[in-house]
Amino acid sequence: MNPQIRIAGVVKESIVDGPGIRFVVFAQGCSHHCEGCHNPATHDLSGGHLVAIGTIIAEMKKNPLLDGLTLSGGEPFLQSAGFSELASQAKAAGYHVMTYTGYTYETLLAQPDQSWQQLLEHTDLLVDGRFEVEQKSLLLKFRGSHNQRIIDVKKSQQKNQLVLSEIS
Ligand code: SF4
């Protein structure tokens, strides 16, 4: 089985979407409609194109310099089953996984859908919350507005309380 995800595109090498050198996958489809969204072309749930998860992993493995995978959007959690599988395969291949979402961490934890929890479990760092244009700052690292948090998911799950990443 080689499941597919719907994406707006990829960036094969980025140093601005998380720590180190990263492969970035932009999910296609978003229902948050944040005012001032940086990427409105990703909102259409039927836009973009389908790509096999194995194709993305194979593309990543061509670059020995990569440190990690960043899931951005769009909203990766709207395709939680597929993105969870992609994150799982990336973790198995030794990559660090960072996921952007317009949902808050608390909202994700309250979701009964198993695949939402699995995507969280395969995520090392989560940047959560909608982009709030009134709280926008160009000085923030790896996020667009002050309300968004960079959460260390592993530590948060171990301690059963929210732990912010040291890179925040
Ligand atoms: S969550 Fe991201 S992609 Fe979706 S509307 Fe907000 S800023 Fe745009």
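Throughout, read-outs are computed from the coordinates displayed, never taken from laboratory work. Since this is a predicted model, take the numbers as computed values, not measurements. Neighbour counts are summed over all protein chains in view; Cβ atoms, including those assigned to glycine, are modelled from backbone coordinates with ideal geometry.
Please go through region 81-138 and pick out each residue that is surrounded by fewer than 18 Cβ atoms within 10 Å (Cβ to Cβ) and on the phi > 0 side of the Ramachandran plot.
GLY94
Checking LEU45 against (1) within 15 Å of the ligand (Cβ to nearest atom); (2) over 17 Å from ALA81 (Cβ atoms); (3) not in a strand (DSSP E or B), which test does it fail?
(2)
Applying the selection to region 103-134, what residues are among the β-branched types (Val, Ile, Thr) and in a helix (DSSP H, G or I)? Write out each step before concluding.
First, pick out the residues of region 103-134 that are among the β-branched types (Val, Ile, Thr): 104, 107, 123, 127, 133.
Result: THR107, VAL133.
Within the set of pairs 6+ apart or on separate chains, which have a first residue in region 12-37 that is more than 19 Å from ILE53 (Cβ to Cβ) and part of a strand (DSSP E or B), a second that is aromatic (Phe, Trp, Tyr) and away from the ligand (no atom under 15 Å from the Cβ), and C-beta atoms under 9 Å apart?
GLU13/PHE23; SER14/PHE23
Rundown of residues vs (1) closer than 17 Å to GLY73 by Cβ; (2) within 16 Å of the chain's Cα centre (by Cα), yes/no style:
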| residue | (1), (2) |
| --- | --- |
| ASP113 | no, no |
| LEU125 | yes, yes |
| GLU132 | yes, no |
| SER137 | no, no |
| GLN148 | yes, yes |
